[in-house]
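Computed from the coordinates by the stated procedures, all read-outs in this text should not be read as laboratory data. Note that the structure is predicted; figures quoted are calculated from it, not measured. Virtual Cβ from ideal backbone geometry, glycine too; neighbours counted across all protein chains shown.
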Amino acid sequence: MRRFLVICTFIFLSAGMQAQHFIGLHKDDVIKLMRETYREFYNDNSFTNKQFNYLKFSDNTGSQTWLFFLSEDDICKYHKRMVDYAYMNEVVAELNSRGMKTGTDEWEYMNMGKSYTVSLTRDKWFFTVVTRVKE
């Protein structure tokens, strides 16, 4: 019941935001929210790494992958999104709209009283966006 209330509150507070907040959610809630909000992504179990407790979602075109790293209790600690450069402008606009730019390819935002950092790293074939609780 508590998780249901947390999810309802989260959905209510984030209505109208393009990006959702996953950190602190239980694995089951991450799956549910991904299915409801990002319908173009599917839970990708094609490869697993037993060293990490994580969820992997990919889109149908193979241009985006989202990894949710979980605690031993299956709570999302942070997430990493690998994206094709074709989506760079869209993702940067999303980051600019939900947070304050704090440096080159870095943002901060608040959610339910906690501060989070987002960093964008440019690789050769794709870029990566990592969201974590601010230390």
Report task. Set the Förster radius R0 to 25 Å, insert the Cβ-Cβ distance between Thr61 and Thr104 as r into 1/(1 + (r/R0)^6), and round the FRET efficiency to 0.05. Result -> 0.30
Query raised in the report: Please state the relative contact order of the chain as a whole percent: Cα pairs under 8 Å, 6+ residues apart?
Result: 18
Report task. Quote the charge dipole size of the chain about the Cα centre in Debye, to the nearest 20; the model charges only the Cβ of Lys and Arg (+1) and of Asp and Glu (-1). Result -> 220
Report task. Multiply the residue gap between Met112 and Phe52 by 0.36 nm, knock off their C-alpha separation, and tell me the result in nm, one decimal place. Result -> 18.9 nm
**Report entry** Asp28, Asp105 arranged by Cβ crowding within 10 Å, fewest neighbours leading
**Finding:** Asp28, Asp105
Query raised in the report: Roughly how large, in nm² to one decimal, is the mean projection of the convex hull of the alpha-carbon atoms in the chain?
Result: 8.8
Query - FRET efficiency, 1/(1 + (r/R0)^6) with R0 35 Å, evaluated for Lys77 and Ser97 via beta carbons - result: 0.90
Query raised in the report: Which Cα, out of Ser63, Thr121, Thr48, lies furthest along the positive dipole direction of the stretch 19-135 (beta carbon charges, K/R +1, D/E -1)?
Result: Thr121
**Report entry** Simple label model, 7 Å out from Cα along Cβ direction - Ala86 to Asn45, nm
**Finding:** 2.9
